[in-house]
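First comes the structure, then the notes that go with it.
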Amino acid sequence: MTGRAKVAVLISGRGSNMAALLYASRLPDCPFEIVLVASDKADAAGLKLAEAEGVATFAAPAGLKRAELFATLDGALRASGAEFLALAGFMRILPYDFVTRWNGRIVNIHPSLLPKYKGLDTHARALDARDLVAGCSVHIVTAELDDGPVLGQVEVAVLPSDTPDSLAARVLIAEHQLYPRALAAFVMRDRTPEAKLARVRDLAMALPGAEETTSHGMACFRVAGGKMYCYFTEDHHGDGITAVIVKTSGPDEQAQLIDQDPDIYYRPAYFGPSGWVGLKLHHDIDWDRVEDRIAASWSLVAPRKLAMLREF
Ligand code: GAR
């Protein structure tokens with residue numbers, strides 16, 4: 001597999017779910033690797049464990065205000081190269097702009113069968129309600145607390161003798177089974193051509209005047225009724241390549257890009273002679289680079305008025 005998905009884990013305490021993810025990542029064929037364990041608490045026990053296992057760690061300094069804390073965490077997470085964030089007992093509510101910046105790429109484990117018992121004290125609440133079944137959920141994080149789409153759940157029977165602690169202990173065993181599998185499935189889903197197209201679409205359509213259309217069976221993007229600046233190609237004529245094709249300033253830039261990074265850039269059939277370049281969307285592609293190339297291509301064809309709109 002080219003490049004495993006890079007995951008950073010956020011913890012606030014013990015970190016047993018983080019450990020479950022870390023050890024799962026060491027199994028053959030696991031599609032993710034843990035690139036950082038970060039915490040809002042310097043004394044989180046899980047940080048020591050991660051360190052002992054040779055994983056990079058980051059602890060936010062004490063006493064930061066909420067906005068500063070999340071800006072600091074965000075800096076460390078980005079610097080780690082993480083593509084996904086896995087919350088594992090991270091006991092902070094994420095600010096809206098942090099969630100939007102990570103755009104559907106944060107997952108969380110929660111000790112209840114969501115949508116039941118969002119928030120805290122889930123086990124006591126399940127016992128108070130005399131539920132016969134408790135459990136845990138992994139879900140995508142949205143700005144709303146414990147509310148995003150559920151990726152997987154495991155049910156755990158409630159025993160008549162259960163206390164919140166005894167139930168929590170069994171649910172935790174279920175959590176350790178669920179989280180690595182749900183995360184693996186989630187990162188794999190992100191690697192399908194459909195998911196890559198969705199991401200390209202997000203980037204291409206964010207530019208002023210963008211319009212989507214199709215040409216020769218490819219999704220492509222143009223400036224309102226005018227010129228194309230980005231094509232999405234998936235196994236075109238059986239070439240096995242998933243890529244975006246974007247404009248360069250001309251043959252010199254095209255040749256330079258291919259020269260510098262022949263694993264990523266190529267001269268696409270049909271488009272190549274007119275100075276377009278192909279950028280292969282490998283699983284570990286740096287999406288900031290894709291964004292920059294699409295924007296640069298757009299700038300080459302956008303009418304002056306629209307280009308000015310983007311500058312301001
Ligand atoms: C886990 O049970 C997790 O589901 C829960 O905190 C515990 C952390 O344990 N998370 C939440 O309640 C989030 N709302 P761990 O640090 O050993 O993984």
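The values are calculated or read from the model by the stated rules, or taken from the named source; none is laboratory data. If you're wondering where the values come from, they're calculated on a predicted model, not measured in any experiment. With ideal geometry, Cβ positions are generated from the backbone for all residues, glycine too; neighbour counts draw on all protein chains shown. For accessibility, only protein heavy atoms count, side chains too; no ligands or nucleic acids. Shrake-Rupley method; radii C 1.70, N 1.55, O 1.52, S 1.80 Å.
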Inspect all residues belonging to segment 274-287 and state whether any of them is more than 25 Å from R191 (Cα to Cα), without any contact (Cβ under 8 Å) to a residue 12 or more places away in the chain and surrounded by fewer than 16 Cβ atoms within 10 Å (Cβ to Cβ).
-> yes
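Here's the yes/no breakdown for (1) within 16 Å of the ligand (Cβ to nearest atom); (2) open to solvent by less than 30 Å² (accessible area, probe 1.4 Å); (3) free of Cβ contacts under 8 Å to residues at least 12 places away in the same chain; (4) of a type in the set (V, I, T):
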position	(1), (2), (3), (4)
E68	no, no, yes, no
D74	no, yes, no, no
G81	no, no, no, no
H110	yes, yes, no, no
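Could you tell me how many of the residues in segment 104-135 are in a loop (DSSP other than H, G, I, E, B) and more than 21 Å from S12 (Cα to Cα)? Before you say what the answer is, go through the steps one by one.
Our first condition is that a residue be in a loop (DSSP other than H, G, I, E, B); within segment 104-135, this holds for 104-105, 111-121, 129-132.
Narrowing the set further to residues that are more than 21 Å from S12 (Cα to Cα) leaves 104, 113-116, 129-132.
Adding up the residues that qualify gives 9.
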Could you tell me whether T248 is closer than 30 Å to I106 by Cα and β-branched (V, I, T)?
-> no
Of all residues in segment 225-240, which are under 27 Å from the mean Cα position of the chain (by Cα) and exposed (fewer than 12 other Cβ atoms within 10 Å of the Cβ)?
-> D235, G240
Pair list, Cβ under 8 Å, 6 or more apart: segment 3-20 residue under 16 Å from I285 (Cβ atoms) and open to solvent by 10 Å² or more (accessible area, probe 1.4 Å), other residue within 8 Å of the ligand (Cβ to nearest atom) and at pLDDT below 95 | none
Condition set open to solvent by 50 Å² or more (accessible area, probe 1.4 Å) and of a type in the set (S, T, Y), scope segment 152-167, selection farthest from the ligand (Cβ to nearest atom): answer is S161
Selection from segment 62-104 of residues within 20 Å of A19 (Cα to Cα) and charged (D, E, K, R) yields E83, R92
Could you please tell me which pairs satisfy a Cβ distance under 7 Å, a separation of 6+ or placement on different chains, a first residue in segment 88-108 that is modelled with pLDDT of 95 or more, and a second residue that is away from the ligand (no atom under 15 Å from the Cβ) and open to solvent by 90 Å² or more (accessible area, probe 1.4 Å)?
-> P95/R66
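Using the structure shown, decide if Y117 is buried (at least 17 other Cβ atoms within 10 Å of the Cβ), within 15 Å of the ligand (Cβ to nearest atom) and within 30 Å of D288 (Cα to Cα).
no
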Unique match (being out of contact with any Lys or Arg (no Cβ under 7 Å at 6 or more places or on another chain) and open to solvent by less than 30 Å² (accessible area, probe 1.4 Å)) among R222, R191, R170, R199 | R191
Counted residues in segment 127-151 being buried (at least 17 other Cβ atoms within 10 Å of the Cβ) and within 13 Å of the ligand (Cβ to nearest atom) come to 9
Residues in segment 160-186 that are over 18 Å from the mean Cα position of the chain (by Cα), within 27 Å of G3 (Cβ to Cβ) and not hydrophobic (A, V, I, L, M, F, W, C) total 2
Does at least one position in segment 39-56 carry a residue that is on the phi > 0 side of the Ramachandran plot and at pLDDT below 95?
-> no
For residues that are out of contact with any strand residue (DSSP E or B) (no Cβ under 6 Å at 6 or more places or on another chain) and closer than 22 Å to G3 by Cβ, tally how many sit in segment 264-285.
-> 4
Enumeration of residues in segment 256-282 that are in contact with a Ser or Thr (Cβ under 7 Å, 6 or more places away or on another chain) and at positive phi = G275
Name, by its number, the condition in (1) more than 10 Å from the ligand (Cβ to nearest atom); (2) among the small types (G, A, S); (3) over 20 Å from L178 (Cβ atoms) that does not hold for A44.
-> (1)
